[in-house]
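The values are calculated or read from the model by the stated rules, or taken from the named source; none is laboratory data. Source: prediction; values computed, not measured. Virtual Cβ from ideal backbone geometry, glycine too; neighbours counted across all protein chains shown.
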Amino acid sequence: MKRAAIYFVIGLALIVNLFAFSIVYADQPIKVDKHNPVYATDVELAMKLTVADTPKGAPSDKSPANKPGKTKGSATGILGSPVSGNRYAIIIGISDYPGTGSDLSYSDDDALDMYTALTVQYGFDATKIISLIDQDATRFNIMSAIETIGSMATTNDEVVFFFSGHGGRGKANDGDNEKTDQCIWSHDGTKLVPIWDGELRAAFSQYKTSRIIFIFDSCYAGGMADDLNGNGRVIAMASTATTLSYEWSSLQNGEFTYYMIEQGMSLGQADKYDSIPGLPDVTVEEAFDYANANRIRNTPTISDKFLNDLLP
């Protein structure tokens, strides 16, 4: 009996240690293959939906109103620390996917609006922006762009990562403990290829700077926050982890991009707190609050771990 008890205790200890080992090591960043995604099952392509006209009573694209948010606003009205180094951006918009069944109408326009906002309103240097549109937005090019910017950005710099296109979900072996993983859909020139949230986490874990702005105009985008959040980072997402994203023919944009970027930032409609008189000072939080206030079908969500409000 004593020997059996001893064996039982030893066996139990081994099980506990193995369980602890799996907890510690199952949630570790993986090595990313630029060409091929990690193995995944139950993979779902969640297509962003194109809607022809805004419904009756929805905010007009000609005269949007900065209404109180449908949830508590994320902007505090207090500017956080300004960037002291360089500013970089990776801008991705995919309307023309391989084949014809997955094409969108306005994701390329979303990317152009983001580029315009950064260069015109916020003075980003165009030479420090990598834009990947349609056929250029392959998985290899996207992961290479993240690697390239990561090799240049220092602790004092700022990075913007913008994606507009399809999202998805599945069960991916991407280095985290999530039961359901989210992805953005890129391609390899001939077929659609996912980039999983855990793969993005691994790629951005190499960055020296903590000041990173992520903007996702895609379905199931809210799940990205679980992998990408971190001190100094702001993640603005068009949808929750379980809801879809929309684009509108009447707006000629993704709904989220239209209100957050074109109206909110470029036209200054989101400027609720005039922190720097005479200068464009729409913060990421103000722009998100404006998009959330004017949303029609989207369900925007934000993860904000930057101290006070972030001005790009």
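Miscellaneous remarks
- Test: GLU255 is out of contact with any helix residue (DSSP H, G or I) (no Cβ under 6 Å at 6 or more places or on another chain) and buried (at least 22 other Cβ atoms within 10 Å of the Cβ): yes
- Checked across region 205-214, the condition of being farther than 17 Å from GLU158 by Cα and modelled with pLDDT of 95 or more holds for no residue.
- Any hit, region 294-304, residues being outside any loop (DSSP other than H, G, I, E, B), buried (at least 24 other Cβ atoms within 10 Å of the Cβ) and in contact (Cβ under 8 Å) with a residue 12 or more places away in the chain: yes
- LYS179 fulfils the conditions (1) over 25 Å from PHE306 (Cα atoms); (2) charged (D, E, K, R); (3) in contact with a Lys or Arg (Cβ under 8 Å, 6 or more places away or on another chain); (4) at pLDDT 95 or above except for a single criterion, (4).
- Wholly within region 84-202, strands (runs of 3 or more DSSP E) carrying at least 2 residues that are touching a helix residue (DSSP H, G or I) at 6+ places or on another chain (Cβ under 6 Å) and more than 19 Å from LYS34 (Cβ to Cβ): 87-93, 158-164
- Within region 232-289, the set of residues being more than 20 Å from TYR115 (Cα to Cα) and aliphatic (A, V, I, L, M) comprises ALA241, LEU244, ILE276.
- Selection from region 241-273 of residues that are closer than 10 Å to TYR106 by Cβ and in a loop (DSSP other than H, G, I, E, B): SER249, LEU251, GLN252
- Of the residues making up region 111-136, just one is over 26 Å from SER210 (Cβ atoms) and either among the basic types (Lys, Arg) or touching a strand residue (DSSP E or B) at 6+ places or on another chain (Cβ under 6 Å) (or both), namely ILE133.
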